[in-house]
1. Might you tell me the accessible area per residue for the chain, computed with a 1.4 Å probe and given in Å²?
2. Where does each of 51-58, 40-47, 92-99 land if you order them by average Cβ count within 10 Å, highest first?
3. Can you compute the modelled spin-label distance between residue 123 and residue 82, with each label point 7 Å from Cα toward Cβ, in nm?
4. Does anyone have the angle between helix 2-11 and the longest principal axis of the chain? Alpha-carbon axes, 0 to 90°, nearest 10?
5. Please compute the modelled spin-label separation between residue 142 and residue 107, points set 7 Å along Cα→Cβ, answer in nm with one decimal.
6. Work out, step by step, the length gained on full extension between residue 98 and residue 27: first 0.36 nm times the residue separation, then minus their alpha carbon distance; give nm to one decimal.
7. By the gyration tensor of its Cα atoms, with a ≥ b ≥ c the square roots of the eigenvalues, what is the shape of the stretch 77-127: rounded for a/c under 1.5, prolate for a/b over b/c, or oblate?
8. For the stretch 17-170, what does the alpha-carbon gyration tensor say about shape, rounded, prolate or oblate, given a ≥ b ≥ c as the root eigenvalues, a/c under 1.5 as rounded, and a/b over b/c as prolate?
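The values are calculated or read from the model by the stated rules, or taken from the named source; none is laboratory data. Note that the structure is a prediction, hence the values are computed from the model and not measured. Note that each Cβ is placed from the backbone with ideal geometry, even for glycine, and that neighbours are counted across all protein chains shown. Heads up: the accessible areas ignore ligands, DNA and RNA and are worked out on the full protein's heavy atoms, side chains in. Shrake-Rupley method; radii C 1.70, N 1.55, O 1.52, S 1.80 Å.
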Amino acid sequence: MENILNSLQQASNERISWYEETRKSLRAGKKYLKTDFRVHCKETESPCPDHCRKYALSDSENKEFQELCSHKHTLVCDQCERLTQVLIDIEHAIKTCQGFYGNDLKDDILHDFGLAKNAILAWKAHILRSENQECGKQAVLEKLDDSSVLIVMDWAMKFLQLRYREKQSD
């Protein structure tokens, strides 16, 4: 996203202070996602729609993958809103910039922006899902007794036997 800002700054004649402020906002958003966002998502039901796990993890199109909240979402998180707003501002600046030497460059930067924006939103969703998984795991651990067992399988792990491996030459 910073590379996109650098390209945009070179192509436009806008004030430098806007770019510095936007970079600060992006860095603050990154810091927020790395630290405080996970803490804000601890509650199952939060008045902020970005932090409410039931609302944020529900599919808006498929009724079978929705869970209704028992509360209204009346709170807006300043940090989540600031991150959303800075992404909107950058997209608007790219679309309105007249300094590109061709529409191809503008389209390339818009494409790169779309990829970066999706990556940021996917990271945010990943944090929310991982916090939900952690809370589910803690709930299962609390219910364990002497006659039960919890098996955790990591699907990314590979099991390779050392003794009966086929050689590449074979």
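1. For the chain, the solvent-accessible area averages 76 Å² per residue.
2. Descending packing order for the listed peptides: 51-58, 40-47, 92-99.
3. Rounded to a tenth, the inter-label distance reads 1.6 nm.
4. Helix 2-11 sits roughly 10 degrees off the main axis of the chain.
5. 5.5
6. Additional length available on full extension: 22.9 nm.
7. Working: a/c = 5.90, a/b = 1.82, b/c = 3.24.
Oblate is the answer for the stretch 77-127, as a/c is 1.5 or above yet b/c matches or exceeds a/b.
8. Taking the square roots of the gyration eigenvalues as a ≥ b ≥ c, the stretch 17-170 is oblate.
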